[in-house]
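What follows is a set of notes on a single structure, which appears directly below.
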Amino acid sequence: MAVAERVPYDYQHEFRTDSLLGLKIHLPAQTLFLANAVAAVLALAAAGAYAFLMGFTRVPAISLLSSNADGFGRVFTGHGVSALILWPIFFEVAALIFVSTILLGARIYSKKLGWLAFISMVIGGLLLESSILWGQADVGFTAYVPLVAHPVFYVGYIIFAAGALLAIANFALSLAQARADGVLKGSLPLVTYGGATAAILATVAIASGLVALVPTYLWTVGVFPSVDPIFYRTWFWGLGHTLQYVNVSAMIVAWYALAALTFKANPINEKYGRIAFTLYIFFTVPVLGHHFLVDPSLSPAVKIVGGSLFGFGLGIPSLMHGLAILGSVEIAGRRLGATGRFGWFRKIPWGEPGMATLMVSMALFAIGGWTGTIGTTEQLNLITHNTMWVPGHLHAVVVAGTTLSFMGLSYYLVPLVARRQLFSQGMARIQPYLYGAGLLIMMITMGWAGLIGVPRRVADISYAGASPDWFLPMNLLGIGIVLAILGGIFYVLNIVLTLVHGKKFQ
Amino acid sequence: MSSLASPEQGWWKPFPRHEKAWLTIIIIAAVVLSAITLGWAVMGKQNVPVASYKATPEQFEKQVADFTAKYQIPGSPGEVRVPEGQDGFMMASMWSFTPALHLKSGKPYTIWLSAKDVLHGFSITGQNLNITAAPGHAYGIRITPDKPGTYLIVCNEYCGLGHQGMTGKIIVE
C-alpha cells in the first residue's frame, strides 16, 4: 500500500531578491509593508493639516480659529488622534513587518491576518477622523469622561486598536515561523529585538486602552449609567503613556538602522542595547503615574514612586542607547581615518538624509528627555502641568524624536520596497534640518510660554488682557510652526512622488 | 556585527569600559534626582497638596453654598471673604470657578476645590500653581498669599465649548 508522502509547499516563488541590499523579500509582506506605510504617510499629512489650523490659532497675532465655536475642538482632537495614534501606529506596523520578514528573508505568517489588521485599522481610523470632522467629537484625543463624543468615535478607537493587536499577533507569529522555517538562526538582530520590545509594550498599551474605551462606548450608548472619570483616566494613560514608549522603542530601532544603513555604524556590544530595550518594559508602565501628579485621587507615595522615581529610571535606557549609537558613529568615523578627540565628527556624512535625521532626531530627543524629566518630577510638575511646557515636551520627543526618525528610515525603506528611486534627494537632504530647526524653535517657545503659565488646549489666551507677557513666546512660536510645516510638506510630497513618479529599478 | 543581522554566537559579553562608566554615571544621576525629589517632599516648602476627601458633586455643592451664604461680602454677590483660620471652598464647573475668594496677605489658608461636571484644571496665572479638579474628589490646596492683588484663575484642562472663557478670581488684601 502506497503512503502519500507529504511534500512541503514551496514558497520560493513568493520571493524576490532585492538589488540594493541583496535581501530576499517576501512579496506579500512587501505589499503589506507598503499599504501600512502609505496609510501612515496619509495620517501624517492629516496631522500636518490639523497642525496648520491649530498652530496658527495658537499664535495670537494670527488667531485663525479664535474660539472653540470656530472648530478649535475638532482641530486639536484631530491633531492628537492623527499625530499620536494613527501615524505612529501605522508606521510601526510597517516597521514590524519589515524587521520580522523582509530583513530576515522570512515570509509573513498570514497574508489574510495582515490584511484584516490593516483594513480594521483603516476603518477605525476613518471612523475616528469622520466623527471628528463632523464636529461630533470635540473632546481631545484623551476624551476624558464625562466629556462625551458620538459613539462612532469610540467604535473607531476600538476597531483601530483591535486591528493593531492583530498586526502584533502576525508579527509574533511571523518570527516564530521564521525560526521554524530555519531562516532565523541564532539570536534576533538588534533592530528586530527592539521591534519585539515595541510590540510587547504596544500589547500592554492597547489592552489598557480597551479597558478604558469599551466601558466608555457602552456608557455612550446607554448600557452603563456612568464611567468613573478617574477609572477612565488611569486606564487611558495606560494606553497613552505606554504608547509613547512604543514610539520610543521604534524610534531607537530606526536610529540603530539608520546608523547601520548610512554609515555602517554598529554598536560594539550587543548586550548593552538589548538590556536597554528590556529596561523599557520594566520601567514604562508604572510611569503612567506621572499623569496624575496633581490629581486628588492618589497618595503622595504612589505619585512620587510611580510618577517621579520610575520616571527617572526611564531615562536610563534612553541614555544607554544614546551612548551606544553615538559611540558606534565615532568608531565608524575613526575607521575612515578620523583623528583627535572630535575628528570623527567631521567624518559624519551630514548631507546624507538618513544620517541627518539620526543626528537631529537624537539631539532634539535629548532635549525632550530633559523637559520630560522636569515634567515627571512631582514638585516641578506643579509648575508645568497642563501648560505649554507639555506640548513643548511632546513635540520634542514624539515629533522631533520619533516622527523625524521614522521619516529618515522611510527615505531608505520606501525606495527599497517599492523599487523606485527617491523622487528628490535634494529635498530629503534639506528636510531634516528644516523640520528640526522649526521644531527646535517650537520647543523653546512652548517651554518658555509654559514656564510663565500659558495653558495648553485653548483657542484664545487673551483673558481680557490679563497676562500681556504671554503673547511674545506664543507669537514667536509661529516661526517654528512655519518651518516645521514646510519640513513636513517636503517629506510627504517626496514620499508620495516617489511612489507615483519615482524612477523604477529592479 | 551589524544591528541588522543576527549577532554571532557568544555576544553575551561584559560591557566595555566606556559603556560601564556611562551606565554608572546615569544610575548615579537617577539616584540623586530621586533623593532630591523624596527629600523635597519631606523638607521642601512648596509641594503638591496632599489633603483630599471624597465628596459627590451634590455634597460638595452644598458645602460651597453653605460657605458662600455664611461669608458672602454684602453687596458683592459671588464674592466671599474667607475668615482667618477657616477653610475656603471653590467649585469648578462649566465654565467658571465660584465663588471668588478674598484672602488676607500673609495668612495661611486651605482652599478646597472640586468639580461639578467634568475634569477641570485650576491654574493661578503668574503663580505657576496647576492642579486638577475632579468630580467626586475635593482637593485641599494650602496657600499663604504673600502679595496683595487680584489673581486670575484659568482652567487648563480642556472642558468643552466654553473652556477658553472659564476663569475665576482670588483677591489678596
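Annotation for A:TYR433 and A:LYS264: the two label points, set 7 Å from Cα along the Cα-Cβ direction, are 2.6 nm apart. Ranking of A:HIS501, A:HIS79, B:HIS18 by neighbouring Cβ atoms within 10 Å, starting from the fewest: A:HIS501, B:HIS18, A:HIS79. With both partners inside the stretch B:51-172, how many of the DSSP beta bridges are antiparallel, as a percent to the nearest 5? Antiparallel: roughly 70 percent of the beta bridges in the stretch B:51-172. Helix-only arithmetic for chain A: the sum of -39500 (n - 2.57) across DSSP H runs with n ≥ 4, divided by the residue total, places the mean residue ellipticity at 222 nm at -22500 deg cm²/dmol.
Shielding of peptide B:6-18 by partners, expressed as the average count of other chain Cβ atoms within 10 Å per residue Cβ, is 5. Note the angle between two axes, namely the Cα long axis of helix B:17-43 and the longest principal axis of the Cα atoms of chain B, as a number of degrees from 0 to 90, rounded to the nearest 10. Approximately 20 degrees, to the nearest 10. Under Stokes-Einstein, with the Kirkwood radius over Cα pairs as Rh, the value for the stretch A:398-494 at 25 °C and 0.890 mPa s is 163 µm²/s. Across chain A, the mean sequence separation of Cα contacts (distance under 8 Å, 6 or more residues apart), normalised by length, yields a relative contact order of 15 percent.
In this label model, A:VAL492 and B:GLU173 are separated by 5.7 nm, measuring between points 7 Å along each Cα→Cβ vector.
Near B:ALA51, the amide H atoms lying under 5 Å from its own belong to B:GLY140; only residues 5 or more places off or on other chains count, and H is placed 1.01 Å from N.
Helix A:229-263 and the long axis of chain A differ in direction by around 40°, with both axes built from C-alpha atoms.
Using 0.36 nm per residue and subtracting the Cα-Cα separation, the extra length available between B:ASP66 and B:ASP146 on full extension is 26.0 nm.
Here B:SER6, A:SER299, A:SER410, A:SER130 are placed in order of increasing Cβ neighbour count within 10 Å, fewest first, which gives A:SER299, A:SER130, B:SER6, A:SER410.
Structure note, pairs A:LYS24/A:LYS112; A:LYS112/B:LYS13; A:LYS111/A:LYS504; A:LYS185/A:LYS264; A:LYS303/B:LYS70; A:LYS271/A:LYS347: Cα-Cα distances above 30 angstrom occur for A:LYS112/B:LYS13; A:LYS303/B:LYS70. When each of A:THR262, A:THR216, B:THR144 is scored by the number of other beta-carbon atoms lying within 10 Å, the sequence from fewest to most is B:THR144, A:THR262, A:THR216.
Largest GNM mean-square fluctuation among B:GLN46, B:GLN72, B:GLN63, using chain B with Cα springs under 10 Å: B:GLN46. Approximating the spin labels as points 7 Å out from Cα along Cα→Cβ, the B:ILE25-to-A:ARG335 distance works out to 2.5 nm.
D for chain A, whole µm²/s, Stokes-Einstein with Kirkwood Rh over alpha-carbon pairs at 20 °C and 1.002 mPa s: what number? The Stokes-Einstein estimate is 91 µm²/s. One quarter of the convex hull surface built on the alpha carbon atoms of the stretch A:213-283 amounts to 6.6 nm², the projected area averaged over directions. From the alpha carbon centroid of the stretch A:107-182 to that of the stretch B:1-17 is 35 Å. Calculated on the Cα set of the stretch A:271-425, radius of gyration then Dmax: 18.9, 59 Å.
By the rule of a C-alpha distance below 17 Å, with chain neighbours fewer than 8 residues away ignored, the aspartates and glutamates paired with B:LYS107 are B:GLU84, B:ASP87, B:ASP146, B:GLU173.
A helix-only calculation puts chain B at -8500 deg cm²/dmol for mean residue ellipticity at 222 nm, using -39500 (n - 2.57) for each DSSP H run of at least four residues, averaged over all residues. Sites listed here are GluC sites (Glu not before Pro) in the stretch B:1-70 whose DSSP assignment is loop and whose Cβ has at most 15 other Cβ atoms within 10 Å: B:GLU8.
If you line up the long axis of helix A:111-133 against the longest principal axis of chain A, both from Cα atoms, how many degrees apart are they, to the nearest 10? Between helix and principal axis, roughly 20 degrees.
Tally Lys/Arg at +1 and Asp/Glu at -1 over every other residue whose Cβ is under 13 Å from the Cβ of A:ALA338; what's the total? Here the charged neighbours net out to +4. Normalising the average separation of contacting C-alpha pairs (under 8 angstrom, six or more residues apart) by the number of residues puts the relative contact order of the stretch A:290-433 at 28 percent. Return, ordered by residue number, the residues of the stretch A:218-243 whose backbone nitrogen is under 20 Å from a label point located 7 Å along Cα→Cβ of A:GLN136. A:218-224, by backbone N distance to the label point.
Backbone geometry of the stretch B:90-103 corresponds, through the Karplus equation with coefficients 6.51, -1.76 and 1.60 at θ = phi - 60°, to 3J(HN,Hα) couplings of 9, 10, 9, 8, 5, 9, 7, 10, 10, x, 7, 10, 9, 10 Hz, x marking Gly and Pro. Sequence-distant contacts, meaning Cα pairs under 8 Å at least 6 residues apart, place the relative contact order of the stretch B:51-172 at 28 percent.
Please state the shape class of the stretch B:51-172: rounded when a/c is under 1.5, otherwise prolate if a/b exceeds b/c and oblate if not, all from the C-alpha gyration tensor. Rounded, since a/c falls under 1.5.
The numbers here are math on the coordinates, done by the rules we state, and not lab data. Source: prediction; values computed, not measured. We place every Cβ from the backbone using ideal geometry, glycine too, and count neighbours over all the protein chains shown.
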